[in-house]
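J.: First the structure, then my questions, so here it is.
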Amino acid sequence: MGAEQIFLNVTIVLVIASIIHFNAKFFKIPDLLLLIITGYVLGNIDYGIFPIIFPQEFVHLLALISIVFLVFTGSTEFNFKIIESHYLHIAKYVFALIFISLIFFTPLLYFITGIPLKLSILISLILTGVSPLVVDSLYLGVKNRVANLLILETRIPSFDAIFAFIIYDLLFTKINIVQDVIIDNVKIFITEIVIGLGTGVFIALITYKLLKIKRLMPALVLLLSALTSFQMSEQLGGSGILAIVSTSLLLGNMKIKNLKEHMQFLDFLTKIIRLLVGIIIGTIIKIPMNANFFISSIFLYLCFLAFRYFTVRIFLSNKLKTARERLGFSFGSGLGFSAVILATLFIQSGVLGASLAVNYITAFLFYSVIIASITAMFVK
């Protein structure tokens with residue numbers, strides 16, 4: 001495929017995605033759901049003209065850039081000063097849900113679907129995430145305990161995405177579980193953490209100094225900071241995701257004048273890439289239209305919702321007083337962009353079971369948004 005064809009396809013996708021994005025706001029429907037459906041239609045219908053397809057290298061590049069921007073912009077907004085007063089109870093719940101999902105949902109997914117264990121672990125992690133875009137589109141302006149806690153949950157760093165991307169990096173690019181011995185894997189894991197955190201701190205300090213130089217463009221400095229921290233850590237053998245997390249968390253908690261205004265350019269780029277990736281993943285997926293798949297995927301997602309409700313019952317019972325509130329919180333969240341990015345990486349990895357894993361991720365994404373939309377009607 002030539003450069004002109006790729007450029008044309010990107011233009012067409014962006015125009016369609018922009019129209020969907022603005023109309024989704026009008027109808028109060030999460031745009032990610034419509035983007036994937038549109039991409040699926042574009043990728044599975046013969047128009048008699050050129051197909052909307054993209055080279056694997058281009059899709060992989062978009063996925064990597066999406067990871068960098070998603071984690072960087074999300075973590076920069078997090079402030080350590082308000083952890084105890086606002087986020088502590090939510091953070092406990094999030095970590096508990098991640099643990100319960102890994103321990104109970106992973107084997108269930110593995111034995112029912114036959115998806116390889118490594119991919120099952122990643123799917124279990126990504127299911128625990130909540131999309132700020134989905135929650136905001138459904139609950140923004142709503143004033144009750146369920147809506148407040150759901151919105152609060154989306155304001156903490158995306159631990160599910162961070163853990164999932166770190167584990168993906170380890171299991172699929174750094175560690176070979178079969179060939180390597182345990183001690184070697186431990187060394188690699190520790191090296192990833194140390195180099196990742198160290199690189200992130202180093203880049204954050206340099207960025208802080210550069211932002212004080214008035215003749216430099218702050219938005220460009222932050223963009224280069226995000227890209228450099230990821231790539232430097234990866235080239236040194238560390239975790240690029242951890243480097244971004246440490247860089248963005250430090251920058252978000254330093255006294256940097258007009259940081260939110262400087263981040264607007266990165267936010268804008270993130271939105272553009274999100275629109276592109278949303279439709280592109282739709283053109284790639286091939287959901288099997290058979291009863292067995294839908295029965296198993298619906299059953300599995302209902303099981304996950306049961307685990308989520310169980311976790312809410314234990315860790316948020318003092319915040320959500322009634323069964324209706326707990327059910328509203330458990331069913332009211334939807335998966336988002338991080339699930340789409342992970343699905344894209346699965347496809348590009350070419351590992352055994354990747355296509356099946358992507359099918360289940362896509363199905364879970366649809367179920368989560370549909371159930372969250374229905375739940376929102378009763379919560380408001």
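A short reminder: the numbers here are calculations on the coordinates, not readings from a lab. Just so we're clear, the structure is a prediction, and the values are computed from it rather than from any experiment. Cβ placement follows ideal geometry from the backbone for every residue including glycine, while neighbour counts extend to all protein chains displayed.
J.: Counting only Cα, what are the radius of gyration and maximum Cα-Cα distance Dmax of the range 183-313, in Å?
T.: Calculated on Cα positions, Rg and Dmax stand at 20.5, 62 Å.
J.: A further question on this structure: Let me make sure I get this right: for the range 247-367, a, b and c are the square roots of the gyration tensor eigenvalues over alpha carbons, sorted descending. Under 1.5 in a/c it's rounded, otherwise prolate if a/b > b/c, else oblate. Which is it?
T.: oblate
J.: Also, quick follow-up: State the dimensionless ratio Rg/Rh of the range 226-267 (Rg: radius of gyration of Cα atoms; Rh: Kirkwood radius).
T.: Here the Rg-to-Rh quotient is 1.05.
J.: When the dipole is taken about the Cα centre of the range 268-380, and only Lys, Arg (+1) and Asp, Glu (-1) are charged at their Cβ, what size is it in debye, to the nearest 20? Provide the component values of the computation, followed by the final result.
T.: Working: 10 positive and 1 negative charges, 88 e Å.
About 420 debye.
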